[in-house]
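What follows is one structure encoded as C-alpha cells, with my remarks underneath.
The values are calculated or read from the model by the stated rules, or taken from the named source; none is laboratory data. Just so it is clear, the structure is predicted and the values come from calculations on it, not from any experiment. For neighbour counting, all protein chains shown are included, and Cβ atoms are generated from backbone atoms with ideal geometry for every residue, glycine included.
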Amino acid sequence: MELNNTSAIVTGGASGLGEATARVLAARGVKVVVADLNDDKGAALAAEIGGAYVHCDVTSTEQVIAAIEAAKALAPLWSAVNCAGIGWATRTIGKDGEYASAHDLDLYRKVIEINLVGTFNVCRLAATAMSANTPDVDGMRGALVNTASVAAEDGQIGQVAYSSSKGGVVGLTLPLARDLAPIGVRANCILPGLIDTPIYGTGPASDEFKARLGAGVLFPKRLGYSSEFASLAVELLANSYMNAESIRIDAGIRMQPK
C-alpha cells in the first residue's frame with residue numbers, strides 16, 4: 001500500500017509508541033495527525049514533523065471525527081494507528097475479605113472504555129472515512145493497526161483490567177478485518193512486550209529498574225525501542241498482504257505471574 005502523499009491518524013501520538021510511529025510515517029511522506037490529550041507535546045511534535053495536532057479523547061465520537069477530518073484536510077486518509085491507552089494494577093480481591101476491598105468496578109470499566117472501546121471507536125470511524133477513498137490496484141482503501149500487549153496472553157497478577165482490555169483488542173482483530181474486507185480496509189494488531197517508553201521515567205533509579213526488567217527478556221536482553229514498534233506498525237500498514245494478524249514484538253519474553 002502506497003503511503004506517500006496520504007494522511008494518517010495516530011492516537012496517543014504525542015509520546016512513546018505513538019510518537020515513534022508518527023515520526024516514521026512522516027519520514028515516509030505521510031501527513032500525520034497527532035491525536036492526543038497532551039496539547040503541548042502533541043502540538044510541538046506535529047509542528048516538527050509537518051503534520052497537525054488534534055486534542056482527542058478516543059472514547060469521544062465527536063473528537064475522533066474531528067481528528068479524522070483534520071487528516072482528510074491534509075491528504076486522503078489511508079492509515080490509522082491506535083496507540084492511546086492506560087494501564088492499571090489492582091488485584092481482584094483485597095486482603096481483608098471485605099466486599100469494599102474488591103477491585104473497583106468503575107476503574108475496571110474505565111480501562112475497558114479507553115483501551116478497548118476507544119480503539120474500536122477510532123477503527124469504526126476511520127474505516128468509514130477510508131471507504132470513500134479511490135481504491136488502489138488491489139481494491140484497497142486503507143489500513144488499521146491496533147496496539148494490544150503481551151498482557152493479552154501473559155497477564156500478570158493485578159492485570160485483570162488491563163489484560164481484559166488488551167485481550168479484547170486482540171479478539172476484535174479477525175472479525176474487524178472480515179467486516180472491512182468488502183471495502184478494502186485491512187486490520188492488524190501488535191502485542192508489544194517491554195518497550196522503553198516514558199512510563200518508566202528517567203534517571204539512575206529508572207535505568208536500574210529497566211535493566212532488571214531487560215534481564216528477563218529472552219534475547220536481546222533489553223527493553224524494546226519505540227522505533228522497533230514503529231517499524232513494525234508501518235510495515236503492517238505498507239505491506240498489502242498483511243491482514244487479520246496479531247503479532248507479538250517482545251524478543252521472546254513470556255511474562256511470569258509476577
- Query: Quick check: anything in region 128-135 assigned to a helix (DSSP H, G or I), within 21 Å of R178 (Cα to Cα) and touching a residue at least 40 places away in the same chain (Cβ under 8 Å)?
  - Reply: yes
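What do you reckon, is G87 modelled with pLDDT under 95, of a type in the set (G, A, S), surrounded by 13 or more Cβ atoms within 10 Å (Cβ to Cβ) and part of a loop (DSSP other than H, G, I, E, B)? Spell out the reasoning first.
Numbers: modelled with pLDDT under 95: yes; of a type in the set (G, A, S): yes; surrounded by 13 or more Cβ atoms within 10 Å (Cβ to Cβ): yes; part of a loop (DSSP other than H, G, I, E, B): yes.
Here the answer is yes, as G87 does meet what is asked.
Among the candidates Y200, Y225, which residue alone is in contact with a Phe, Trp or Tyr (Cβ under 8 Å, 6 or more places away or on another chain) and within 14 Å of L17 (Cα to Cα)?
Details: Y225 fails: in contact with a Phe, Trp or Tyr (Cβ under 8 Å, 6 or more places away or on another chain).
Just a single option satisfies the conditions, and that option is Y200.
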- Message: Pairs please, first residue from region 88-105 and among the small types (G, A, S), second anywhere and exposed (fewer than 10 other Cβ atoms within 10 Å of the Cβ), Cβ atoms under 9 Å, 6+ apart in sequence or on different chains.
- Response: G94/A100; S101/K95
- Does region 65-77 include one or more residues that are under 13 Å from T11 (Cβ atoms), without any contact (Cβ under 8 Å) to a residue 24 or more places away in the chain and in contact with a strand residue (DSSP E or B) (Cβ under 9 Å, 6 or more places away or on another chain)? yes
- Hey, among the residues in region 90-122 that are of a type in the set (A, V, I, L, M) and under 30 Å from G184 (Cα atoms), which one's surrounded by the fewest Cβ atoms within 10 Å (Cβ to Cβ)? V117
- Message: Looking only at region 55-69, filter to residues that are surrounded by fewer than 22 Cβ atoms within 10 Å (Cβ to Cβ) and not hydroxyl-bearing (S, T, Y); which one of those is nearest to K110 (Cα to Cα)?
- Response: D57
